[in-house]
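Working notes for the structure below.
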Amino acid sequence: MKVAVVAESFLPHVNGVSNSVLKVLTHLRRRGDSATVIAPSASAFGTRTVVTPEAPTGETCSGFPVIRVPSLPLPDYPTVRVAAGTSTRLRLLLEQMQPDVVHVASPFILGWRAIQAARTLGLPTVSVYQTEVPTFAARYRARWAEPLLWQHVERMHSASTINLVPSSFCHNQLRERGVPRLKIWRRGVDSDLFTPTRRSALLRRTWAPHGEKIIGFVGRLAAEKQVTDLTALDGIPGTRLVIVGAGPEEGALRRHLPHAHFAGFQSNEDLATHMASLDVLVHPGEAETFCQTIQEAFASAVPVVAVGRGGPVDLVDPGRTGWLYQPGDVTGMRAAVEHLVFNEEARSRAASHAHREVQGRTWESVANQLIGHYARAVEINSRIQAHAPTMTLLSRRAGLS
């Protein structure tokens, strides 16, 4: 199969979107499929308008060519790039590639142009809903834009052949907005990387020299993650708060959480070691469509306290693998954390259940499901294209009558 992967966000920016794309590319390479990635560049200058896989810019990922298009930085978050240009550029690129299917990862601007270009060329699209952008608007002082952004989400996904959502919350959210052809496609977790065997006594002594229990947050330090809610955990006796990650809110968070340890950005084995060395993971962000961090905590035998909205609702089994609290109820969050911190038996039991919960959730099984969705999109599109000439003729006749 020949796949064009259009990623709204990609390396070097590391987030849920880029990580999922990397797993998909690895699987496609293993299967012997062909793929080309189209992603924002690191500057306002991208590739030439016409680029062939045989003569790419030189950048590759998993052995596949990566084509960069011009982009601009977000004013409040310069490491996040927004693609510039028109759908004509995407149409020319896709026309050259002639893919069997267009995989659109977290579409918004670049992805929307890809969806439009694919429709023009009669190509099927599988659009993966991963980012609740409209909800971010309020966090970035643009609440007025939220209704307009939701209209854009509805328009993009209604124009896609198949839409994949990571959780039942997202499925209901988009279905209520009239988006058709929705399928749930969850995420895998690397249980070889994230494992309780990586728990480090040395790292724990560095964080908590007096044997304190360690409460952790792992993720991007950005407004939508609501890390400031963790101030409610400040001062719990016998605990130390550890923040793993980096982002534009780090300076403000250091002021709000002066007693916390900031471990900075971590990846690969270092990230897995940091995760396994926590006693409890807390995730307060209300705009998570899935929350891969929770699965990584579970694989590391770390119970989770998370807000009861979005992806965490599917992942955390309250009282068994952790606890959920109502959005905005930071008192409830603190009570749930205290229960796990001070009750050794409850924490150990939750850790054991959490670890068992994710066994078998491999990226290979999840990626194989994706291949099935690709095939289904090709099938649907073939039927649409077969009827397209008839529909066009009927429309013309209707216009003449």
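FYI, it's all coordinate maths here, none of it is from the lab. These figures come from a predicted structure and were not determined experimentally. In this analysis, Cβ positions are derived from the backbone assuming ideal geometry, glycine residues included, and neighbour counts consider all displayed protein chains.
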* To do: Can you tell me the dipole magnitude for the chain around its Cα centre, using point charges on the Cβ only (Lys, Arg +1; Asp, Glu -1), in Debye to the nearest 20?
  => 1000
* Structure fact -> Proxy exposure order for K23, K183 (fewest C-beta within 10 Å first) is K183, K23
* I67's amide H: which non-local residues (gap 5+, or another chain) put their own amide H closer than 5 Å, with H modeled 1.01 Å from N in plane and none for Pro or chain starts? -> V37, I38, A39
* To do: Starting from the Cα gyration tensor of region 67-164, take the square roots of the eigenvalues, sort them a ≥ b ≥ c, and report rounded, prolate or oblate (rounded when a/c is under 1.5, otherwise prolate if a/b is larger than b/c, else oblate).
  => oblate
* Listing T273, T125 from the residue with the fewest other Cβ atoms within 10 Å to the one with the most, what is the order? -> T273, T125
* **Top of A252, A297, A306 by mean-square fluctuation, Gaussian network on the chain, Cα under 10 Å** => A252
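Taking 0.36 nm per residue of sequence separation and subtracting the Cα-Cα distance, how much length would be gained by fully extending the chain between A346 and R143, in nm to one decimal?
That works out to 69.0 nm of additional length.
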* Structure fact -> Looks like region 292-343, by Cα gyration tensor root eigenvalues a ≥ b ≥ c and the a/c under 1.5 rounded cutoff (else prolate when a/b is bigger than b/c, oblate otherwise), is oblate
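Could you list I109, I162 in order of exposure, starting from the residue whose Cβ has the fewest other Cβ atoms within 10 Å? Walk me through the numbers before you get to the answer.
Numbers: I109 17, I162 23.
Going from least to most buried by this count: I109, I162.
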* Quote the charge dipole size of region 196-357 about the Cα centre in Debye, to the nearest 20; the model charges only the Cβ of Lys and Arg (+1) and of Asp and Glu (-1). => 400
* 3J(HN,Hα) from dihedral phi, region 212-222, Karplus parametrisation 6.51/-1.76/1.60, rounded to Hz, x for glycine, proline -> 4, 6, 10, 9, x, 10, 10, x, 6, 8, 9
* **Whether region 196-357 is rounded, prolate or oblate, judged on the alpha carbon gyration tensor where a/c under 1.5 counts as rounded** => rounded
* Structure fact -> Expected sort for 174-180, 275-281 on mean C-beta neighbours within 10 Å, highest first, is 275-281, 174-180
* Asked: In terms of Cα to Cα distance under 25 Å, which lysines are near enough to K225, apart from those fewer than 8 places away along the same chain?
  -> K23, K213
* Structure fact -> Length gained, S382-N172, 0.36 nm per residue minus C-alpha separation, equals 72.8 nm
* **Percent RCO, i.e. relative contact order, over the chain, from Cα pairs under 8 Å lying at least 6 residues apart** => 14
* Mind checking which of M97, M156, M333 has the largest fluctuation in a GNM of the chain, springs on alpha carbons under 10 Å? -> M97
* Asked: Which entry is the computed Rg and Dmax of the Cα atoms in Å for this structure: [x] 22.4, 85; [y] 27.3, 96; [z] 22.7, 71?
  -> [x]
* Asked: For Q98 and A42, what is the calculated FRET efficiency with R₀ set at 30 Å and r taken between the beta-carbons, to the nearest 0.05?
  -> 0.60
* **At most 12 other Cβ within 10 Å, DSSP loop - trypsin sites (Lys or Arg not before Pro), region 99-172** => R141
* Grab the DSSP H runs of the chain that are 4 residues or longer, score each as -39,500 (n - 2.57), total them, divide by all residues and round the 222 nm result to the nearest 500 deg cm²/dmol. => -13000 deg cm²/dmol
* Asked: Among V17, P107, V282, which residue has its Cα positioned farthest towards the positive end of the charge dipole of the chain, with +1 placed on the Cβ of Lys and Arg, -1 on the Cβ of Asp and Glu, and the dipole taken about the Cα centre?
  -> P107
* **Most positive-pole-ward Cα, N268, A4, T26, against dipole of the chain from beta carbon charges** => A4
